[in-house]
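We did not get these values from a lab; they are worked out from the coordinates using the rules stated. None of the values given here were measured: they were computed from a predicted structure. Here Cβ is always computed from backbone atoms with ideal geometry, including for glycine, and neighbour counts include all displayed protein chains.
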Amino acid sequence: MMPKIQIKNLNLWYGKFQALIDVNTGIEEKKITSIIGPSGCGKSTLLRVLNRMNDLIEGIKTSGEIIIGKENILLPGTDLIKLRKNVGMVFQRPNPFPLSIRKNITFGLEIHSARSKDTLDEIIENSLKSVLLWDDLKDKLNSSALELTLEQQQRLCVARLLPVKPEILLMDEPCSSLDPIATGRIEELMFELKKNYTIVIVTHNMQQAARVSDDTGFMLLGKLVEFNKTEKIFTNPEKKETEDYITGRFG
Amino acid sequence: MNSRVSQKIAFTVLFLSALVTILPVLLIIVVIVKNGISAISWEFLTAAPTNGMRSGGIFPAIVGTFYLALGATAISLPLGVMGGIYLSEYSKDNMFTRILKLGIVNLAGVPSIVYGLFGLSLFVIYLKFGVSLISGCLTLAIMELPSIITATQAALHSVPRSFREVSLSLGATKWQTIRHSVLPHALPGIITGAVLSNARITGETAPILFTVAAFYLPHLPSSVLDQVMALPYHLYVISTQIPGISKSTTYGTALVLIVFTLSLNLFGIILRTYLRRQKKW
């Protein structure tokens, strides 16, 4: 089967600094793929190139191909609006807008003035159900999203992506500001979401990668050193660097 | 010298220096209120001047100043906000941007009488608006522009970067991002900045001297091409050109002007406090 995202000979420079060096891999549909590696290895850069959020940085340059749905999204003429609707992103810190819960979820629909058979209420309900928040929040949709706990806020940030119907969810260390219990519950949510979405997660937390992901990539100094089934990476890695990292010899 | 003594001296000197800044404000208010309060009456506030401006009221001047403040802000607020958005969100750091920013700094530093002469030559003479409300509003608007642009930039800057990132990552265009997830959160700061800069230009005399202010005009303007009386200029006129005018009339006019600007300031400060309390990030 064709991978959902195919990365071929990807190089990326911030000015003169090369942050990604000849990355090649394929990310499978409806699987969780995690990317691990020490700080500054380029894992967030790799994640952010998948929805071209890196474009915000001046002096960025890329070469190679990233194929999503038969299109090379690195080409200059790429429709970034369509791409970002298809590839949603959850950030490190929960960052709901300081608006009501309802407004947070409908934000994407409003900017795309999307028409849909479902009414707004149905969309809100479905989105909140997908992130398992509906029962807790159904009676206070009009209260501020900032009154929620951090875990709920992060769930809401996932729910906010869903109305525009993405296929791929990118998560940039989504649990780094959460406590272990909340982290566990977000991981359960990821299992739930995997049924419908392709998920790529960047994480500092190796145990998390081992727990949640189907495939794991290990990055070091801009190179994707090893990419394989998670089980294989954590039990019998092929490369010496991978083994050193997962056994805690550095990083 | 004993360190305890030097500490005492330093404290005293610093405290007195700080005190000096508040003293003029208090003195101005005390002197003006003391000399002017007796002139304030219903007639003074609602009637036109009579008897060579020695008696009657200052109503046309109050209305004139109100129109000028309103008109100047109506012009400079949209322009300044849009310019501020461009500079803060769109412009890249290049020669053109640096020249623009230099222009704003310099505009803020131009003496007010120069604005007056500029308004006279451009609006009154060249564009043939004549000495009129519209010329005065435009002149004051240009003067107000730098502070509104600066306030806009500062307010946009204070909106967290994550708001922009989230919005863009949801597929919004840059303009949608600014319109829906940046501007609404910057609005309180922008409005406050506008009110405060408005309070500042309300008391200006030089920019309106040649562009709008009427020496004596006992009725209200009927179009933007009419002249108006204005409080600062009226004050200048009655204190220098009208012999034998009672002291209380002059100070009464000053009192009205100062109450006008101080209440605008106060309104701005209350607005800022209120809106800041609404912000939660």
Exercise. List every DSSP H helix in chain B whose Cα atoms extend 18 Å or more along the helix's own long axis and whose mean Kyte-Doolittle hydropathy is at least -0.5.
Key: B:3-36, B:59-85, B:95-109, B:133-157, B:183-202, B:247-278
Quiz item: When chain B is modelled as a GNM with alpha-carbon springs shorter than 10 Å, which of B:V114, B:V212, B:V131 fluctuates the most?
Solution: B:V114
Exercise. May I ask for the angle, rounded to the nearest 10°, between helix A:180-194 and the longest principal axis of chain A, with both axes built from Cα atoms and the value confined to 0 to 90°?
Key: 90 degrees
Exercise. Can you grab the distance from the C-alpha centre of the range B:123-165 to the C-alpha centre of the range B:20-76, Å, no decimals?
Key: 25 Å
Exercise. Using a 10 Å cut-off on Cβ to Cβ distances, tally the other chain neighbours for every residue of A:89-100 and report the average as a whole number.
Key: 4
Quiz item: For the Cα atoms of chain A, what angle does the longest principal axis make with the long axis of helix A:120-130, in degrees from 0 to 90, nearest 10?
Solution: 40 degrees
Quiz item: Just counting partner chain Cβ atoms within 10 Å, what average do the residues of peptide B:170-180 show around their Cβ?
Solution: 5
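Using Cα pairs closer than 8 Å and at least 6 residues apart in sequence, work out the relative contact order for chain B, in percent.
The value is 28 percent.
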Exercise. Given the options B:V20, B:V195, B:V259, state which has the largest fluctuation in a GNM of chain B using a 10 Å cut-off (strictly under) for Cα springs.
Key: B:V20
Quiz prompt | Three-way shape call for the range A:22-79 based on the alpha-carbon gyration tensor, with the a/c threshold at 1.5 | solution = oblate
Practice problem: Show that you can apply the helix-only estimate: for chain B, add -39,500 (n - 2.57) for every DSSP H stretch of four or more residues, divide by all residues, and state [θ] at 222 nm to the nearest 500. | Solution: -22500 deg cm²/dmol
Quiz item: Around A:I60, which amide H atoms from residues at least 5 apart in sequence, or from another chain, sit under 5 Å from its own amide H, with H modelled in the peptide plane?
Solution: A:G15
Quiz prompt | For peptides A:5-16, B:180-191, sequence by mean Cβ density within 10 Å, most packed first | solution = B:180-191, A:5-16
Exercise. Take the alpha-carbon centre of the range A:125-189, take the same for the range A:12-64, and report the distance between them in whole Å.
Key: 25 Å
Exercise. Only Cα pairs under 8 Å and at least 6 apart count here; give the relative contact order of chain A as a rounded whole percent.
Key: 28 percent
Practice problem: Determine the shielding of peptide A:55-62 by partner chains: average, over its residues, the number of Cβ atoms on other chains within 10 angstrom of each Cβ. | Solution: 1
Self-check item: Top of A:I60, A:I111, A:I201 by mean-square fluctuation, Gaussian network on chain A, Cα under 10 Å
Solution: A:I111
Self-check item: Interchain or long-range residues, amide H under 5 Å from A:I201's placed H
Solution: A:T33, A:S34, A:I35, A:M171
Quiz item: Under the Karplus relation 6.51 cos²θ - 1.76 cosθ + 1.60, θ = phi - 60°, what is the ordered set of whole-Hz ³J(HN,Hα) values for the range A:57-71, x standing for Gly and Pro?
Solution: 8, 6, x, 8, 9, 10, 9, x, 9, 10, 9, 10, x, 6, 10
Quiz item: Per the Kirkwood formula on distinct C-alpha pairs, the Rh of the protein assembly as shown is how many angstrom?
Solution: 28.1 Å
Self-check item: Kirkwood Rh in Å, taken over all unlike Cα pairs in chain A
Solution: 18.8 Å
Self-check item: the range A:128-230, relative contact order [Cα under 8 Å, separation at least 6], %
Solution: 23 percent
